[in-house]
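Every number in this text was worked out from the coordinates using simple rules, so none of it is lab data. This one's a predicted model, so the numbers in the text were calculated from it and none came from an experiment. Using ideal geometry, Cβ is built from the backbone for each residue, glycine included, and neighbour counts are taken over all protein chains shown.
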Amino acid sequence: MIQQACSGGTVGKALGILDCVAGFGRPVRFSELLEVSPYPKATLYRFLKTLTRQDMLSYNQNGTYWLGTRLMRLAHEAWKTASLAPLARPFVEALADRVGESVHLAQLDSGHVLFIDKIKATDQFETLARVGQVAPAYCTGVGKVMLAHLDPNRLEPVLKQQSFFQYTKATHNSARGLIAELEQIRRNGVAFDRQEHEHGIISIAAPILNPDGRVIGALSIATSTTRHTTEGLEVFRAALLETAEKIGENAAHWQCPA
């Protein structure tokens, strides 16, 4: 889990350890980190000690490490300044109230989807999407609709970043199939996730475009196959597109990260 930390010098190694701690999704013991670490015991301990002193990690009395308060402050500032979420929040909330389903807001980050906001309108189902979580672009509704609206010069390198791991039988396993669907999405205006990332979860997604037509994010309505069919998601199309357009209009002066 810390293999990516082997490059990028000291800072890269430290960031890799932070990613590893976060990846456990719970407070983690030193012995657990050591099992997945490429570093000797003394080196790993030294990194953890430094990160704890800098408040990047917290060390609990029960002998476990967790992400520190300094990271939370940095994340909050990033959410406010580099994220579309604060601007879009009123529109996301209104859409969730209107349709009674979960609404996801995402941006494209290094070829992947970064979920920056989520409003859960019902407790009858749950999706994997969490604020701050990264997901594949090639098999999510928000990811595909952003890829479909990328400038061709940007799309080519982003496609090379896709792993095409097959999460379900519906997942694209090659760039060829994905490219064909992206052309269809551009014509159709929306994208669908047909249980491509999670069994039982489907969604309809729309791009968020700034006034110049540049894609700056995506919005989706996600639900369970026990509540709707993929075809049935069409009932949400008008509300989804209307909301995405309003966010784009209000983002006229927002500086989208390159």
Among VAL28, VAL11, VAL92, VAL36, what is the fewest-to-most ranking by other Cβ atoms within 10 Å?
VAL11, VAL36, VAL28, VAL92
Expressed as a rounded percentage, what relative contact order does the range 189-258 have, with Cα pairs under 8 Å and six or more residues apart?
31 percent
Once the Cα atoms of helix 175-188 and of the chain are each reduced to a long axis, what angle between those two axes, in degrees from 0 to 90 to the nearest 10, is obtained?
50 degrees
Compute the long axis of helix 41-53 from its Cα atoms, compare it with the longest principal axis of the Cα atoms of the chain, and write down the angle in degrees, 0 to 90, nearest 10.
70 degrees
If one compares the long axis through the Cα atoms of helix 69-81 with the longest principal axis of the Cα atoms of the chain, the angle in degrees, nearest 10, works out at 30 degrees
Apply the Karplus parameterisation 6.51 cos²θ - 1.76 cosθ + 1.60, with θ equal to phi minus 60°, to every residue of the range 143-156 and state each ³J(HN,Hα) to the nearest whole Hz, in sequence, with x for glycine and proline.
x, 5, 6, 6, 4, 5, 10, 6, 4, x, 5, 7, 5, 4
Just want to confirm a number: the relative contact order over the chain, from Cα pairs under 8 angstrom separated by 6+ residues, in percent.
14 percent
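If eta is 1.002 mPa s and T is 20 °C, what Stokes-Einstein diffusion coefficient results for the range 36-147, Kirkwood Rh from Cα pairs, in µm²/s?
For the chosen part, D equals 129 µm²/s.
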Return the subset of LYS118/LYS144; LYS118/LYS160; LYS120/LYS160; LYS120/LYS169; LYS160/LYS246 for which the Cα-Cα distance in this structure is over 21 Å, preserving the input order.
LYS118/LYS160; LYS120/LYS160; LYS120/LYS169; LYS160/LYS246
Express in whole angstrom the spacing between the alpha-carbon centres of the range 96-142 and the range 174-212.
14 Å
Residue among SER220, HIS172, ALA96 farthest towards the positive dipole end of the range 82-250, charges placed on Cβ:
HIS172
Taking 0.36 nm per residue of separation between PHE165 and ARG29 and subtracting their Cα-Cα distance, the length gained on full extension comes to 46.0 nm
Helix-only mean residue ellipticity at 222 nm for the chain, each DSSP H run of n ≥ 4 adding -39500 (n - 2.57), per residue, nearest 500:
-13000 deg cm²/dmol
P(r), alpha carbons of the chain - 5 Å bins starting at zero, rounded %
1, 6, 12, 16, 16, 14, 13, 10, 7, 4, 1, 0
Relative to the Cα centre, what is the charge dipole magnitude of the range 12-116, using +1 at the beta carbon of each Lys and Arg, -1 at the beta carbon of each Asp and Glu, and rounding to the nearest 20 debye?
540 debye
Looking only at lysines whose Cα falls under 23 Å of LYS13's and that sit 8 or more positions away or on another chain, we get LYS41, LYS49
Spherically averaged projected area of the range 3-75 from its Cα convex hull (nm²)
4.6 nm²
Protection proxy ranking of 209-216, 57-64, 140-147 - average other beta-carbon atoms within 10 Å, highest first:
140-147, 209-216, 57-64
